[in-house]
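Visitor: Next up is a structure, given as structure tokens.
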Amino acid sequence: VQLQASGGGLVQAGGSLRLSCAASGRTFSNYAMGWFRQAPGKEREFVAAISFSGVRTYYADSVNGRFTISRDNVKNTVYLHMNSLNPEDTAVYYCAADLYGSGYSTRTNEYQYWGQGTLVTVSS
């Protein structure tokens, strides 16, 4: 499956953004999906995951209550709605696909396919 992330940009602290990740090439509904982020000089970290049906979601503690992951299996797209952004959320955000995954995978090596990343910059 090929993944194309978009929606990043510059936003002020307290603002919102919606990231999108469009999938193509395989049956999208067979994949659990995740969002990760990588800030400069830091390791890539888990942000959120969603099961193939969209029923189950899971979040990192740092974003729980501020971010929402969702998916549209008709449009083959997964979204990350980000609210109450702060400068610590600045990073390149990556979407990833996990074939027949549970929707609770938090480690990068549990995902087989990755998008190219989209940069989110939050100014103070």
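Visitor: Quickly run through segment 107-124 and pick out the residues that are free of Cβ contacts under 8 Å to residues at least 24 places away in the same chain and either surrounded by 22 or more Cβ atoms within 10 Å (Cβ to Cβ) or in contact with a Leu (Cβ under 9 Å, 6 or more places away or on another chain) (or both).
Guide: 112
Visitor: I would also like to ask the following. Could you tell me whether any residue of segment 23-30 is touching a Gly at 6+ places or on another chain (Cβ under 8 Å), modelled with pLDDT under 95 and open to solvent by 50 Å² or more (accessible area, probe 1.4 Å)?
Guide: No, segment 23-30 has no match at all.
Visitor: Sticking with this one: If you scan segment 55-75, which residues turn out to be open to solvent by less than 50 Å² (accessible area, probe 1.4 Å), touching a residue at least 12 places away in the same chain (Cβ under 8 Å) and of a type outside the set (Phe, Trp, Tyr)?
Guide: Initially, segment 55-75 is screened for residues open to solvent by less than 50 Å² (accessible area, probe 1.4 Å), giving 59-60, 63, 66-67, 69-72.
So of that shortlist, the ones also touching a residue at least 12 places away in the same chain (Cβ under 8 Å) come out as 59-60, 63, 66-67, 69-71.
Within segment 55-75, 60, 63, 66, 69, 70, 71 meet the criteria.
Visitor: Here is a further query. Among what's in segment 93-106 and is open to solvent by 40 Å² or more (accessible area, probe 1.4 Å) and within 14 Å of the chain's Cα centre (by Cα), pick the residue that is modelled with the lowest pLDDT. Break it down stepwise before answering.
Guide: Here is the first cut: in segment 93-106, the ones open to solvent by 40 Å² or more (accessible area, probe 1.4 Å) are 99-100, 102, 104, 106.
Now narrow it down to the ones that are within 14 Å of the chain's Cα centre (by Cα): 104, 106.
Numbers: 104: 85, 106: 94.
Looking at the filtered set, the residue picked out is 104.
Visitor: Moving on to the next point. Across segment 9-45, what is the number of residues that are more than 17 Å from residue 70 (Cβ to Cβ) and within 11 Å of the chain's Cα centre (by Cα)?
Guide: The number of residues fulfilling the criteria is 2.
The values are calculated or read from the model by the stated rules, or taken from the named source; none is laboratory data. This is a predicted model, so every value here is computed, not measured. Here the Cβ is made from the backbone with ideal geometry for all residues, glycine too, and neighbour counts use every protein chain on show. When the accessible area is computed, the model is the full protein with side chains, heavy atoms only, and any ligands, DNA or RNA have been set aside. Shrake-Rupley method; radii C 1.70, N 1.55, O 1.52, S 1.80 Å.
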